[in-house]
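See below for the structure under consideration.
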Amino acid sequence: MSSVPIRLRLTLWYTLILALALLCFGLFLYFTTARALHTQVDTSLQLVASQAVANLQDEDGRPALQNSDEPGPLPALLAARGYVIRLLADTGEVLDGTGEYRRLPVVVPAPGLATCMAAGEPWRLYTTALTYLPDHEGPSEGSASAGTGAGVRTYLQVAQSLAGVREAEGQMRLLLAFAIPVAVILAAAGGAFLADRALRPIDRITREARRVGAEDLGRRLNLKLPDDEVGRLARTFDEMLARLDKAFRRERQFTSDAAHELRTPLTVLKGAIGVALHRPRTAAQYREVLRNLEAEVDRLIALAEDLLTLARSESTAPGDQGSTADLAQVAALAVERLRSFATARGVFLELDMPVPLPVAGDPDRLGRAIYNLVHNGVKYTTAGGHVRVSGQILARPQGTNTPLVAPSTAHATAEVRVADDGPGISPEDLPHVFDRFFRADRARTRTGSEEPASGAGAGLGLTIARSIAGAHGGDIAATSTPGGGSTFVLRLPLAPHP
């Protein structure tokens, strides 16, 4: 069944459900109508019997019908409408009758309604008991004095043929037997048309998706569809293609930049080795070459480690809830690690952490993020400048867009701010500072061996920091004024109190 096209399955299910619904409705209509017809016959028989009893007459001391052929008497009028009326004694003897009463079988009468067959034709029969008292004004319905010497027990029977009812039932069966299949066939055709019309955009989506390849992610469906399920599917598909296109472009750029970054130290290594082998040198010269080679190898190792760290950060599920880290302590450790680096560059490094900043996450990875932020600030601050690392707890009221404000409440956020008074970042470069291998000041070169091995100079430090923050459910924002310094703010959700 799974290989059957969905439009055919929809049509079959729609047709089956409609056929069952029409069948149930047809049966209900048929039996309801048939019951109503039979009820109408029974009611009319009882009404005719009451009128006939009221119009009985006395002949030689026994009840009799008004059998005049003139149109006036009631029995003659009822006989003309297909009713049969007869009088029976309690022994089954027919005392009088009108209409085709001789066609009916003579049986011992029993009060009530019954169905009998006469010449192969069904009849509906109503019997009522009468007590005829000659000294009274006339007969009456009931069973008083039945079987006594005071009167003669008689029965009045009114009958009507059910041929008309059976014919009506037959016509209804024929009509339903014809109408239901025709309706199902028309509904199946309509269902197939609607299913094809509804699924046609999905076919277009399928055809367009087959044309999209890894080298052609710029294609879009651009289907002008209403805001329904199919329309939302098409727009979601376009959005997915846009994300994939962006990711592929980023990965291609990353591969190109990584190759470029790796080529430079490898070229240096190759050149240094070639120069050393070009002619015999002294032991001191060979040691100098080896030191230079060692420095370049250290840069390659740092770059490889940064690439591995970045890959792990982007593939890790957000939020490591297995441990808790105090950002205040993590920041203090990062500052102490960079203290000598800042002193060598003539940069004053300040720390202001008045309160603990507990967050859920890995202390080592969060320390790497803060380390990269502080290192970036020290690196781009001129001698005599300051880099200030501060922290606080902020809270944003739930469901509002108001800025973060103190004090700590529900939905609190831990914030670490790294501010420097360096040359700043231009407005054109600021949106790209977290891109891989991006350098805000392209005129700067590596500072040499004085930089700690942290990917410095490769353009991955801020990228790694932001990736780590995102993996912990937070983010890093950057603000800067050319000539007025830069500020990087790390925000993470505050860990709930145990």
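The values are calculated or read from the model by the stated rules, or taken from the named source; none is laboratory data. Bear in mind that the values here come from a model prediction, so they are computed numbers and not experimental data. Methodologically, a virtual Cβ is constructed for each residue, glycine included, from the backbone with ideal geometry; neighbour enumeration extends over all protein chains shown. The area values use the complete protein model at the heavy-atom level, side chains included, leaving out ligands, DNA and RNA. Shrake-Rupley method; radii C 1.70, N 1.55, O 1.52, S 1.80 Å.
Residues of region 470-492 include none that is hydroxyl-bearing (Ser, Thr, Tyr), buried (at least 19 other Cβ atoms within 10 Å of the Cβ), out of contact with any Cys (no Cβ under 9 Å at 6 or more places or on another chain) and at pLDDT below 70. Among the residues of region 290-310, are any surrounded by fewer than 19 Cβ atoms within 10 Å (Cβ to Cβ) and either at pLDDT 90 or above or at positive phi (or both)? No - not one qualifying residue is present in region 290-310.
Contact map, region 346-371: first residue hydroxyl-bearing (Ser, Thr, Tyr), second residue in a helix (DSSP H, G or I), Cβ cut-off under 6 Å, separation 6 or more or different chains; pairs are Tyr371/Ala334.
Taking the conditions exactly as written (within 21 Å of the chain's Cα centre (by Cα), open to solvent by less than 70 Å² (accessible area, probe 1.4 Å) and hydrophobic (A, V, I, L, M, F, W, C)), does Ala209 satisfy them or not? No.
Confirm whether Leu95 is out of contact with any His (no Cβ under 7 Å at 6 or more places or on another chain), at pLDDT 90 or above and surrounded by 14 or more Cβ atoms within 10 Å (Cβ to Cβ). Judged against the criteria, Leu95 is not a match. Across region 74-88, the number of residues qualifying as touching a Leu at 6+ places or on another chain (Cβ under 6 Å) and at pLDDT below 85 comes to 1.
Out of curiosity, is Pro397 modelled with pLDDT under 70, farther than 17 Å from Glu336 by Cα and open to solvent by less than 70 Å² (accessible area, probe 1.4 Å)? Yes. Looking across region 358-379, just one residue is assigned to a loop (DSSP other than H, G, I, E, B) and surrounded by fewer than 24 Cβ atoms within 10 Å (Cβ to Cβ), and that is Asp362. Restricting attention to region 241-259 and to residues that are touching a residue at least 40 places away in the same chain (Cβ under 8 Å) and not hydrophobic (A, V, I, L, M, F, W, C), the residue that is nearest to Arg200 (Cα to Cα) turns out to be Arg250.
The residues in region 24-61 that are open to solvent by 30 Å² or more (accessible area, probe 1.4 Å), of a type in the set (Gly, Ala, Ser) and at pLDDT below 90 can be counted, and the count is 3. Kindly check whether there is at least one residue in region 220-240 that is over 25 Å from the mean Cα position of the chain (by Cα) and either open to solvent by 60 Å² or more (accessible area, probe 1.4 Å) or in contact (Cβ under 8 Å) with a residue 60 or more places away in the chain (or both). No: zero hits.
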